[in-house]
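Worksheet: one structure, shown below.
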Amino acid sequence: MDRGQASDAPDLAEARSLSGRRLIEFLLVLAAVLVYVIEGNYLATFLVVLGIVAMVVLHEFGHYLVARWSGMKVKEFFVGFGPKIWSFRVGGIEYGLKAFLVGGYVKIVGMTSVDEVPEEDEPRSYRAATFPRRLAVSAAGSAVHFLVAFLLLWYLLSGIGVASGKTTTITSVVSSPGHSSPAARAGVPANSEVVSAGGIRYPTVNQFAQLISTSAGHRVQLTLKTGKRYLRTSVVPVSSTVLAKSDPAYATSHPYGVIGVSISPSIVREPLISGAGAAATGLGAYGVLSVSALLSHFSPQGIATYVSEVAHPSASATSAKAQSRFASPVGIVTLANDAAHAGLSAVIELLVMINIFVGVFNLMPLLPLDGGHVVIAIYERVRSRKGVRYHADVMKLMPLTYAVIAVILFLGVTALYLDISHPISNPFG
């Protein structure tokens, strides 16, 4: 035994040394990434990517919390896959970081009937837990995604607000010394909501633009709202032919009216209570769209379309179907960059869509996805009789599990190829 302990000592020291080197290497790589991000002005994009990584961590944290609450024995909680970078132990659980931050996992004792579990740990194994607790642990990851998506939607609707197609806001007014625009001469304030224009109550952006463009030389009555103050004024659009004499940008074959303002849909914020209801409704709508997209992608026609996209990417890169394809980490970073440049609302919308899609995808009734464990728990509950627990033979499902893993790997590799060779166009532009 003494010799065995002596021979184990160098191995342990070597392992610690290796772990230390990996941590230093990881920190150096992280420092280089941060320098690149700051120098390249990609900080906003980097923060969005961190948000997506945090989403993955929260998924696993959901499994972890519910497993601990259920009395199950958790052995490991790791962020990332691949070589171990750094870890520590607390209460018999190893927490740590691995090299590739594209996922994570929680290791719970006895997840299947074939796992080897020490006799003393069997009462705290997943398979020994009650049906409601096994179901809760398996669904916890997706539940966290849906909760995060709901909170983000609620904040978007009640905190930031969303563009309403039913009303128009005058965001800016053109004015320069000696060249005041019709709107500036009429005292139209910037950031004012159009209550009425030419007799139209709360005109849409298209209605307001159409009214002004067809009213050159004619007075248009306006009622505007800035904060709590209302303003009634009138404005006479000038013909673009007059402006074209000094600015060729206005030269067209069909003259139109101009008042010198920029307009956009009004931003509407929901009250907190109604915002929560609207967020719940939006969550359901996004969920239905995600299920429909998955069914479409994995239908015979969807599979044939995707194979065609991979074989002939240049011919299908701009198609509507291609725009909804699976995204690799490269594609997600590209989307994160596009969203970061479009603004906070676009970032939240992206995070909501990713959370809901990942939550729905993980509930697919196939191992190794969470939905596979949910289905097994339900099946075992149905097959159990008179207090005798039925344990499904997971080995019979292994061929299908390997097939699912192969499909996921295929989708990952082909998505990476498409995202590098033919990136999806900016959906936030």
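The values are calculated or read from the model by the stated rules, or taken from the named source; none is laboratory data. Because the structure is predicted, anything quoted here is derived from the model rather than measured. Note that each Cβ is placed from the backbone with ideal geometry, even for glycine, and that neighbours are counted across all protein chains shown.
For residues that are of a type in the set (F, W, Y) and either under 20 Å from P365 (Cβ atoms) or loosely packed, with under 15 Cβ neighbours inside 10 Å (or both), tally how many sit in the stretch 274-302.
1
In the stretch 171-185, the qualifying residues are those that are in contact with a strand residue (DSSP E or B) (Cβ under 8 Å, 6 or more places away or on another chain) and in a loop (DSSP other than H, G, I, E, B), and the one that is surrounded by the most Cβ atoms within 10 Å (Cβ to Cβ) is S181.
Contact map, the stretch 22-47: residues that are within 18 Å of D338 (Cα to Cα) and part of a helix (DSSP H, G or I) paired with residues that are of a type outside the set (D, E, K, R) and at pLDDT 80 or above, Cβ distance under 6 Å, separation 6+ or inter-chain. Pairs shown: V37/L43; V37/F46; A44/A340; T45/A336; T45/N337; T45/A340. If the condition is being surrounded by 18 or more Cβ atoms within 10 Å (Cβ to Cβ) and either farther than 16 Å from H373 by Cα or not small (G, A, S) (or both), then the stretch 59-69 contributes H59, E60, F61, H63, Y64, V66. Restricting the stretch 125-180 to residues that are within 31 Å of the chain's Cα centre (by Cα) and of a type in the set (D, E, K, R) leaves a set whose member that is nearest to V109 (Cα to Cα) is R134. Scoring S176 on the criteria (1) over 28 Å from L344 (Cβ atoms); (2) modelled with pLDDT of 90 or more leaves a single failure, condition (2).
T112 meets all of the listed conditions (1) over 15 Å from L369 (Cβ atoms); (2) surrounded by fewer than 21 Cβ atoms within 10 Å (Cβ to Cβ); (3) among the hydroxyl-bearing types (S, T, Y) but one, namely (1).
Which is of a type in the set (S, T, Y) and at pLDDT 85 or above, of T334, T318? So that I can check it myself, show each step before the final result.
Numbers: T318 fails: at pLDDT 85 or above.
Answer to the selection: T334.
Scanning the stretch 201-215 for any residue that is under 21 Å from E349 (Cβ atoms) and in contact with a strand residue (DSSP E or B) (Cβ under 7 Å, 6 or more places away or on another chain) turns up at least one such residue.
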